[in-house]
1. What's the number of the condition Ile20 fails, among (1) β-branched (Val, Ile, Thr); (2) touching a residue at least 60 places away in the same chain (Cβ under 8 Å); (3) touching a helix residue (DSSP H, G or I) at 6+ places or on another chain (Cβ under 9 Å)?
2. Within the stretch 86-109, which residues are of a type in the set (A, V, I, L, M) and at pLDDT below 95?
3. Across the stretch 77-89, which residue is surrounded by the most Cβ atoms within 10 Å (Cβ to Cβ) among those that are out of contact with any helix residue (DSSP H, G or I) (no Cβ under 7 Å at 6 or more places or on another chain) and touching a residue at least 12 places away in the same chain (Cβ under 8 Å)?
4. How about the stretch 63-96: which of its residues are among the aliphatic types (A, V, I, L, M) and under 26 Å from Glu21 (Cα atoms)?
5. I need every pair where a residue in the stretch 47-60 that is closer than 8 Å to Ala95 by Cα has its Cβ under 9 Å from the Cβ of a residue that is surrounded by 15 or more Cβ atoms within 10 Å (Cβ to Cβ) and acidic (Asp, Glu), sequence separation at least 6 or different chains.
6. Just to be sure, is Tyr19 more than 13 Å from the chain's Cα centre (by Cα) and more than 17 Å from Val58 (Cα to Cα)?
7. Give the residue that is surrounded by the most Cβ atoms within 10 Å (Cβ to Cβ), with candidates limited to residues of the stretch 1-44 that are of a type in the set (Gly, Ala, Ser) and not in a helix (DSSP H, G or I).
8. Here is a check on your reading of the model: is Glu63 surrounded by 10 or more Cβ atoms within 10 Å (Cβ to Cβ), touching a residue at least 24 places away in the same chain (Cβ under 8 Å) and more than 14 Å from the chain's Cα centre (by Cα)?
Amino acid sequence: MKYHHTGLPTRTPHEGETYIEALDIFCTDHLSNPYGVQWMRYGDECPLPDIVQHVAHVAFEVEDLSEALKGEEVIIEPNSPSAGVRVAFIIVDGAPVELLEFQDVLDDNSQTV
């Protein structure tokens, strides 16, 4: 596993937020700071579990998401929020943890990005 980011719930808008309509979430880019902090602001219609909306999570990049989930308590099933990435959330000692698997994607010129 490799550290990817820390997601911090907030009710305060932050500069540079991106809105994810399908999940009713505003989030900042974890690459906008050297520590991988990603501010997460959840809307009233957000379908994610309350623990994810109210407790900070740490995210790790894994090579094989299916393998990493074996034996874990999954609270958000594997899904693909954007091209080339699969994510899932588990509970570890009462805290949410996000696992991400990055996959090769082809752009319009059929080259690996």
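1. (3)
2. The answer is Val105, Leu106.
3. It comes out as Val87.
4. Just the residues of the stretch 63-96 that are among the aliphatic types (A, V, I, L, M), to begin with: 65, 68-69, 74-76, 83, 85, 87-88, 90-92, 95.
Within the stretch 63-96, Leu65, Val74, Ile75, Ile76, Ala83, Val85, Val87, Ala88, Ile90, Ile91, Ala95 meet the criteria.
5. Close Cβ pairs (under 9 Å, with a partner that is surrounded by 15 or more Cβ atoms within 10 Å (Cβ to Cβ) and acidic (Asp, Glu)) amount to His57/Glu98.
6. Answer is yes for this residue.
7. By that ranking, first place goes to Gly7.
8. Numbers: surrounded by 10 or more Cβ atoms within 10 Å (Cβ to Cβ): yes; touching a residue at least 24 places away in the same chain (Cβ under 8 Å): yes; more than 14 Å from the chain's Cα centre (by Cα): yes.
It is true that Glu63 is surrounded by 10 or more Cβ atoms within 10 Å (Cβ to Cβ), touching a residue at least 24 places away in the same chain (Cβ under 8 Å) and more than 14 Å from the chain's Cα centre (by Cα).
The values are calculated or read from the model by the stated rules, or taken from the named source; none is laboratory data. Only a predicted model underlies this, so the values are computations on that prediction, with no experimental measurement involved. Counting neighbours? That spans all protein chains shown, and the Cβs are built from the backbone with ideal geometry, glycine included.
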